[in-house]
Amino acid sequence: MLALSEQKFRQSQVGVQCELASDLPDVRISADQVTQVFLNLAINAAEAIEDGGQLHVTTQLDGSGEWVDVTFADDGPGIPEDVLPHIFEPFFTTKTTGSGLGLAVSYSIIERHGGMLSVESQSGQGTTFHVRLPATKNGTKRPASVRLVDHTQREGL
């Protein structure tokens, strides 16, 4: 997802930091569909932040061990209070281009996977999207190292 959105981050001068937890359990997902959700959240953040700012992507296992949480937190302008209740509605958009289907489709995809998609935002304080996906019950864990990626350190940013 980060590789697919890298050009947008560069254009918007958005730095991306990732903190990916190690040893997360597997989740049963359609990789293409969940990648679409993550890509949509990342691109929306880059467009909201505009020229400069940060997007933090984190993964972790929740305290119960039943959910894998993925968070997309930006330091952009936030979502206005009157807009926030409508962002997951089909065809709702505040943009001059686009269909207004991105977040509605993303919500539906995560829901079909038995997960949840939620948002927290305040004007002037940034926005955080939370994706929660059910961990597999068999305890399968896929080893992964904790990585911190800062795309602002790449050439040209």
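The values are calculated or read from the model by the stated rules, or taken from the named source; none is laboratory data. Here the structure is a predicted model, which means the values were calculated and not measured. Cβ placement follows ideal geometry from the backbone for every residue including glycine, while neighbour counts extend to all protein chains displayed.
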Has the stretch 90-105 got at least one residue that is small (Gly, Ala, Ser), in contact with a strand residue (DSSP E or B) (Cβ under 9 Å, 6 or more places away or on another chain) and either loosely packed, with under 13 Cβ neighbours inside 10 Å or modelled with pLDDT under 95 (or both)? no
Number of positions in the stretch 15-38 that are at negative phi and touching a strand residue (DSSP E or B) at 6+ places or on another chain (Cβ under 8 Å): 16
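Can Asp82 be described as of a type in the set (Asp, Glu) and touching a residue at least 12 places away in the same chain (Cβ under 8 Å)?
Criteria not met by Asp82.
Residues are listed down the side, and each one gets a yes or a no for (1) closer than 20 Å to Thr59 by Cα; (2) of a type in the set (Lys, Arg); (3) out of contact with any Phe, Trp or Tyr (no Cβ under 6 Å at 6 or more places or on another chain); (4) at pLDDT below 95:
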residue: His113; (1), (2), (3), (4): yes, no, yes, no
residue: His130; (1), (2), (3), (4): yes, no, yes, no
residue: Lys141; (1), (2), (3), (4): yes, yes, yes, yes
residue: Val149; (1), (2), (3), (4): yes, no, yes, yes
